[in-house]
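What follows is one structure encoded as structure tokens, with my remarks underneath.
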Amino acid sequence: RTQQFTGLSGDTLLSLRNGIKSVASTWDKDYNEVLATVDGLMAQYGITGEEALRVVRDGFVAGADDAGRMQDLISQYAGSFNDAGISARELVAIIGNTRSGIFSEEGMGAIQMAAKNIRDMSTSAAQSLDAIGLSSEELKAKLQSGEITTMEALQQISSKLKTLSPQSAEVGAVIQDIFGRKGAAAG
């Protein structure tokens, strides 16, 4: 099964299989679910099986699975977070912070939505960014050239929002047009 999922063979396959068995056994998880999580990280992030397993193992060790949803959240968000420039380790760290209240699942959804909206850069999103003093054209050009990641763009937008009155119409427009309904719910 591990070979079918990962395409690995030989000692690399045996080492990964044994590592997955160890993680599954230690944290009382289903082997196939751990395998699917590792395989998903490998596919989404282009990392080796050992690297992906290390991310999963470290997540368990750090308590990112306290709510029992770490593997589900990795599967749900790995693709969009990778596209936003968030590493596999950072994804698991964010998941770990959902248990402490620093982040929520709604917050993760808001990041996912904002990453999509920034990439798409609709007319309303561009107008909202321009209204708070961020050049949507400049941001779009930097994203397209690879000068900045989507996450770095989100950080710029968030930093700018912190300097404005939270009750202003401009902030409301950015939250709606960039972060969507999930952004408003996540705060």
Starting from 0.36 nm per residue, how many nanometres of slack lie between Ser9 and Ser22 once their C-alpha separation is accounted for?
2.8 nm
Carbon plus sulfur fraction of accessible area for the chain, probe 1.4 Å, in percent
46
What accessible area per residue, rounded to a whole number of Å², is obtained for the chain using a probe radius of 1.4 Å?
52
Setting aside same-chain residues fewer than 8 positions from Lys140, which lysines have a Cα under 26 Å from its Cα?
Lys116, Lys160, Lys162, Lys182
Please work out the FRET efficiency for the pair Ser165 and Asp83, using the Cβ-Cβ distance as r and a Förster radius of 30 Å; give the result to the nearest 0.05.
0.40
Spin-label model distance (nm) - Ser122 vs Ser75, 7 Å beyond Cα toward Cβ
3.0
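If the viscosity is 1.306 mPa s and the temperature 10 °C, what translational diffusion coefficient in µm²/s does Stokes-Einstein give for segment 22-69 when Rh comes from Kirkwood over Cα pairs?
Working: Rh = 10.8 Å.
It comes out at roughly 148 µm²/s.
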Residue-count net charge about Ser87 - beta-carbon cut-off 14 Å; Lys, Arg +1, Asp, Glu -1:
-3
Where q = 0.17, 0.21, 0.26, 0.30 Å⁻¹, what log10 of I(q)/I(0) comes from the Debye formula for segment 1-50, counting one point per Cα?
-0.43, -0.66, -0.99, -1.22
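On a full-extension model of 0.36 nm per residue, what is the gain between Arg181 and Ile148, subtracting their alpha-carbon distance, rounded to one decimal in nm?
Numbers: separation 33, 0.36 × 33 = 11.88 nm, distance 2.53 nm.
Computed gain between Arg181 and Ile148 is 9.3 nm.
So what's the convex hull volume per residue for the Cα atoms of segment 10-139, in Å³? Don't skip to the answer; put the middle values down first.
Details: hull volume 14.1 nm³, N = 130.
Normalising the Cα hull of segment 10-139 by residue number yields 108 Å³.
Given a cut-off of under 8 Å on Cα pairs at least six residues apart, what relative contact order in percent is computed for the chain? Write out the running numbers ahead of the final one.
Working: 196 pairs, mean separation 32.8, N = 187.
Across the chain, relative contact order equals 18 percent.
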Residue span Tyr31 to Ala43: 0.36 nm per residue of separation minus Cα-Cα distance leaves a gain in nm of 2.5 nm
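The values are calculated or read from the model by the stated rules, or taken from the named source; none is laboratory data. It should be emphasised that the depicted structure is a prediction, and the values quoted were computed from it without experimental measurement. For neighbour counting, all protein chains shown are included, and Cβ atoms are generated from backbone atoms with ideal geometry for every residue, glycine included. Remember, those area values only see protein heavy atoms, side chains included, never the ligands or the DNA or RNA. Shrake-Rupley method; radii C 1.70, N 1.55, O 1.52, S 1.80 Å.
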